[in-house]
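The values are calculated or read from the model by the stated rules, or taken from the named source; none is laboratory data. Quantities reported herein were computed from a predicted structural model and do not represent experimental measurements. Positions of Cβ are generated from backbone atoms using ideal geometry, with glycine treated the same way; all protein chains shown enter the neighbour counts. Side chains included, ligands, DNA and RNA excluded: accessible areas come from the protein's heavy atoms. Shrake-Rupley method; radii C 1.70, N 1.55, O 1.52, S 1.80 Å.
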Amino acid sequence: MPPERIFETDVLVIGGGMAGFFAAIKAREQGVDVLLVNKGYAGMSGQSPWADSFAAFNPEWGHNLEGWADQVNRVGEYVNNREWTELCFLESYARYQDLVSWGVEFHRTEDGDLLRSTSSLGPCQALFTPPRAHGPVLRKEALKRGVRIMDRIMIVELIKDADGAIIGAAGMPVGGDELLVFPAKATVLCAGAGAFKPPGWPIHDLTSDGDAMAYRAGARITGKE
């Protein structure tokens, strides 16, 4: 086996979708070194590029937190983590404001108001963006802030120390056999979901890479709605 190459960082982010970029940018705002690694081209691969809507919870728009959380409970067949769901909603409007400040455009009505659509399943509302529009914006913002990005690197295993703490990850270039090691003070998994969906749905072939790595490392699985 060829000798390993080592890339040290303060915060290692695995996955280059919306969650990965937010994690990388917010960590970088704290003044630490951040390395984002993605098995595709960060910003243009995985599930996130297909997203064309964003749920932004805002009480000033008449939104009710309990109603929104109840809708997710029903749709998720009551196996989701409600506390986590509510936290996501409470943080969502600030993340929408981040996206706007970075240059992501949202659809508006002819009168210039934000286009907001209520789900037929409940009170949750969505804001809409052109698909595959926000990825390049997030990548540009991350690079501008000094986030290092490595594309087409397949992370395959988290690394633990003798006490069981995660101290980084290991992987290889897509199509290559070189061992790459990423020691890190903190590791953030944003490697996508995993689901069985009908052919044509953009996430039907996601492989639960992050879930599998976390589970093997001893993480507790929760909130799998």
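Here are a few things to note about the model shown:
- For the chain, the spread of Cα coordinates along the three principal axes comes to 60, 38, 37 Å, biggest extent given first.
- Contact order normalised by residue count of the chain, Cα under 8 Å, 6+ apart, percent: 31 percent
- Gained length - Arg132 relative to Ala170, 0.36 nm times residue gap less alpha-carbon distance: 10.8 nm
- Divide the volume of the convex hull around the Cα atoms of region 116-200 by the residue count and you get 224 Å³ per residue.
- Accessible surface for the chain, divided over its residues, is 57 Å² per residue with a 1.4 Å probe.
- A Förster radius of 22 Å combined with the Cβ-Cβ distance from Ala186 to Ala219 puts the calculated FRET efficiency at roughly 0.90.
- Length added when fully stretched, Thr207-Arg148, from 0.36 nm per residue minus Cα-Cα: 18.7 nm
- With the simple model of a label 7 Å out from the Cα in the direction of the Cβ, Gln71 to Thr118 spans 0.9 nm.
- Lys/Arg +1, Asp/Glu -1 at C-beta; the chain dipole; positive extreme among Met172, Leu99, Thr85: Met172
- Cα long-axis angle, helix 18-28 against the chain (0 to 90 degrees, to the nearest 10): 70 degrees
- Spatially close lysines, pair count over the chain: Cα under 26 Å, gap of eight or more or interchain: 17
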